[in-house]
Structures are given as C-alpha cells and as structure tokens.
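First up is the structure itself, then whatever we jot down about it.
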Amino acid sequence: MTIQFALTVNEGKYLIAKAISELPEVREAISGGKLVLKGGTTVSLLSELLFDLPLRISGRMTKRGAVSAASNCDAPHTVAWENGKIINLDEKVEEYTSDMGPGDVIVTGANIIDREGNGALLAGSKSGGLCGRSISAWSVEGAEVIIAAGLEKLIPGRVADSVRAAHRKNVDLAMGMACGLFPVTGKLVTEIEAVEILTGIKPVVIGRGGIYGAEGGVLFQAEGENDKVERLSALVKECKGKETGGDIRSLKECSVPSPGCRYHLSCMYRSGNDRTKR
C-alpha cells in the first residue's frame, strides 16, 4: 500500500513531538530518571503532550529576522521531570544538567541541521545564556540528547561550517539580534525518523515548499503493509491543523523597546546610536 501525504512545518513539529514522546528512552526517563526539555516550539509541543505544559518561547525566526519575545512571562523555558514532578530549570539548568547521567534524557530543538545528523542552536545572548553554557554537561556526563528538528531546518552545507562563520560580536547590521551558533550533538528526529518510530515505515521526500501556509512544508511518499500505512494515515490526520507550540503569551515578538534590547547586538530596528556591536 502506498500513500503520499503533506505536512506543514507546524504539523511536522507535532509529529516529531509525538514520536519522541513514545521513544522507550523517554518513557524510561519519565518513570525512573530525569527528563529535561529545553524550550522551543517543537519541544513545547512535546511538553504539552506529556505534561500539558506549554513552554516559554524566547528567540525565534520571523519575517523580521532573529527576534525575541515582546515581554517576559512566568511560563518556564526549560523544565525537568523528576520523581513525578515538574522542575523549572530557568535559573539552574547548568547545575541540574551537570548532575545528569546515563538513563537520563535531554530534548532540545535546533535552528539548523545537516545531512550528517548534526545540529546547532542560534545564540542571541551572551554565551548562549544559561542553556548555552550548560551544553558541555549534556553529553559529558552520559545523558542521552535528542534533537527535535523538522526538515525545514536542513541546510545545504555542513553545520560545522555555519558554526565557524556565525558570531554575535562585530556584526555591522542585523535583522533583529546578531547571533552566533553553538553545536548540539545527539539523536536527530525529523519527520522522517518520526514516521519510522511511530509506524515502522520510512518515508521519502518527494516535494518541498509551497504557498498559502505550506511554505517550508514537505510532501512525502511511503510504502508498507496495509495496517502500517493506515496507522500513518491516521497520524497525518491527527497532525492536520496543528499550530505553533509554546505559551501564547511568549509568542508575540519583540519591538523597540523591549526587555532584550539591552543585550541584543547590532539590531537594525534600533537607532544608529543604540546599535551596539560589542
């Protein structure tokens, strides 16, 4: 049996979140270990599926460029699940992740991925903020890192080249905040892996992009046993119409002035005298 199906970016994010929620290592971490969810729209969908908890979205890409939230809200950006309860890690993610080890899981998004399965996150604040500074502990101590990223994040080159090229400081002009990149290494889950996790079928990409809301979307073809394809068809229907994840209060993007202006560098939306490069 053969199926062709299309997913918008947001529908793909939901599919990825659903697949990660059913991974054995994630279920085991929930039952007896530690599970950390680093905020982002895809990871927030996972948090919403698992714990009915939307996460605060900070940096994001919009038509204006790399921008942040218009204002702060009390929703957590990064959380842990341990011993049956949610822990807000926004002020202690470095300390908490350094105590993690084998059997524990960290789920993060990525702003870019490449064909080799590498990922990287944009950093618009100094050193990438607390999460950026905690990255070294993620793998060093033995926790499993899962990278949740849709195919819209796939770049034509190598992540390593982009990491070397990008930097926050000494950018003359930026659409929004100037950003650097820090690499993340782990188990990459895109829509392709998500379908395979949930149905046992590996789909093939046969179309990319579109209009009327399908910009960045993907057209897939998949073949398999009837029951698996029917399961996939039901999953696609479940994904249809899904919207952006995250606490709705944090989805409004920044404008001048905003709380982030004091540490965002080279933003073209600020006046020339206030466009700090360093």
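Evaluating 6.51 cos²θ - 1.76 cosθ + 1.60 at θ = phi - 60° for every residue in the range 83-88, the Karplus couplings come out as 6, x, 9, 8, 10, 6 Hz, glycine and proline recorded as x. Approximating the spin labels as points 7 Å out from Cα along Cα→Cβ, the Ala6-to-Ser127 distance works out to 4.7 nm. The packing ranking, built from the mean of other Cβ atoms within 10 Å per residue, places the peptides 147-157, 214-224 in the order 147-157, 214-224, highest first.
Round to a whole angstrom and tell me the spacing of the C-alpha centers of the range 188-241 and the range 1-61. Taking the Cα centre of the range 1-61 as reference, the centre of the range 188-241 is 15 Å away. Listed from fewest to most Cβ neighbours within 10 Å, the set Arg231, Arg64, Arg168 follows the order Arg64, Arg231, Arg168. Residue-wise HN-Hα couplings along the range 142-152, as the Karplus relation 6.51 cos²θ - 1.76 cosθ + 1.60 with θ = phi - 60° gives them from phi, are x, 5, 8, 9, 10, 9, 9, 8, x, 5, 5 Hz; Gly and Pro carry x.
Based solely on its DSSP helices, what 222 nm [θ] is calculated for the chain when runs of n ≥ 4 H residues each add -39,500 (n - 2.57) and the sum is averaged over all residues, nearest 500 deg cm²/dmol? Mind dumping the intermediate values first?
Details: 8 runs with 81 residues, N = 278.
After summing the helix terms and dividing by residue count, I get -8500 deg cm²/dmol.
The slack in the chain from Lys63 to Glu116, taken as 0.36 nm per residue of separation less the alpha-carbon distance, amounts to 16.3 nm. Just check the range 84-149 against the gyration tensor rule for me: Cα atoms, a ≥ b ≥ c as the square roots of the eigenvalues, rounded for a/c under 1.5, and otherwise prolate or oblate depending on whether a/b exceeds b/c. Oblate. Ranking of Arg249, Arg208 by neighbouring Cβ atoms within 10 Å, starting from the fewest: Arg208, Arg249.
Read-outs throughout are calculated quantities, based only on the coordinates presented, and are distinct from any laboratory measurement. All values derive from a computational prediction rather than experimental measurement. Here Cβ is always computed from backbone atoms with ideal geometry, including for glycine, and neighbour counts include all displayed protein chains.
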